[in-house]
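Below: one structure, written as structure tokens.
Read-outs throughout are calculated quantities, based only on the coordinates presented, and are distinct from any laboratory measurement. The model shown is predicted, which means the values in this text are computed figures rather than measured ones. Note that each Cβ is placed from the backbone with ideal geometry, even for glycine, and that neighbours are counted across all protein chains shown.
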Amino acid sequence: MRLQGIACLLAGSMLMVGLPSAAQDVSTILSKVADAYKNAKSYQAQVTMTQVLQVGSQKQQLTSTMTTKYKAPNKMVTLIQGNQSLQVYSDGKTMYVYSPKEREYIKMPAPASLAQAGGAGVGTGDPSQIGTQLQMLFSQNAKKLADRKVGGKPVFVIQSTQSDKAQDGQSSSQMTATAFIDKATYLVRQIVISDSRSRGNQKMSQQITITFASQQINPVLPDSAFVFKPPAGAKERQMPKPGSGEMAPPR
């Protein structure tokens with residue numbers, strides 16, 4: 001099982017000095033988003049992610065919900081329900097990854113710090129990196145759109161579009177990312193990423209919508225919230241040894 005960060009965020013360069021005023025507005029908003037998350041010693045959120053994939057005339061929609069809690073430096077619990085269900089716990093000493101479908105779990109030593117271990121963003125560890133991820137995602141061609149409301153609350157809207165076309169003209173791709181930022185708290189309310197690709201007559205599109213139903217920075221969380229108790233009948237599965245060629249645990 002591999003922990004993956006929500007939502008699909010792409011690496012890129014930071015905003016450059018001297019961009020037009022609209023881009024400077026985006027930079028200011030994203031800096032305040034980073035400030036809102038960077039001092040999180042504890043965090044909890046409820047998130048819904050919807051993925052719509054279309055290849056030609058075939059269309060598929062997948063929806064999952066996630067509840068996550070975090071306590072610095074290395075305690076977390078993330079419960080994912082939907083087409084792929086997964087539970088991840090770290091009590092500060094041991095990390096567990098449990099698959100309800102397979103009724104199997106693996107365990108490993110908890111890292112000293114989830115941030116240093118590569119955990120970044122909602123559900124994968126230290127939420128202080130959420131702002132940094134957004135700055136990377138909106139590092140190019142970012143613009144501020146008209147303010148809107150999400151869940152009845154006013155939000156800033158920022159958007160970035162990147163496109164590419166092959167020299168032979170046979171294939172092209174375009175990715176548009178839109179973020180909705182709460183105007184009062186500078187917490188992320190929603191992220192929508194649309195990606196379309198075509199080659200000749202073949203077309204594929206994907207849209208991922210990540211919606212934050214609730215978020216709390218620095219809530220009081222008891223240590224008992226991060227304790228994993230294997231369900232009755234659940235079996236422990238050993239971690240495959242590096243280079244052994246064994247199959248990874250089911251996801």
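Mind ordering 86-93, 164-171 by average Cβ neighbours within 10 Å, highest first? Don't skip to the end; give the middle numbers.
On the way: 86-93: 19.2, 164-171: 9.4.
Final packing ranking: 86-93, 164-171.
Once the Cα atoms of the range 11-216 are picked out, what are the Rg and Dmax in Å?
So, for the range 11-216, Rg and Dmax equal 18.7, 55 Å respectively.
Over what distance in Å are the Cα centres of the range 79-116 and the range 192-211 separated?
The two parts, judged by their Cα centres, are 30 Å apart.
ALA146: net charge of surrounding residues, Cβ under 14 Å, Lys/Arg +1, Asp/Glu -1, itself excluded? Mind showing how you got there, number by number?
Numbers: positive: LYS143, LYS144, ARG148, LYS149, LYS183; negative: ASP25, ASP147.
Taking every other residue near ALA146 into account, the sum is +3.
Using only the alpha carbons of the range 133-208, determine the length spanned along each of the three principal axes and report them from longest to shortest in whole angstroms.
Principal extents (Cα only, largest first): 48, 22, 21 Å.
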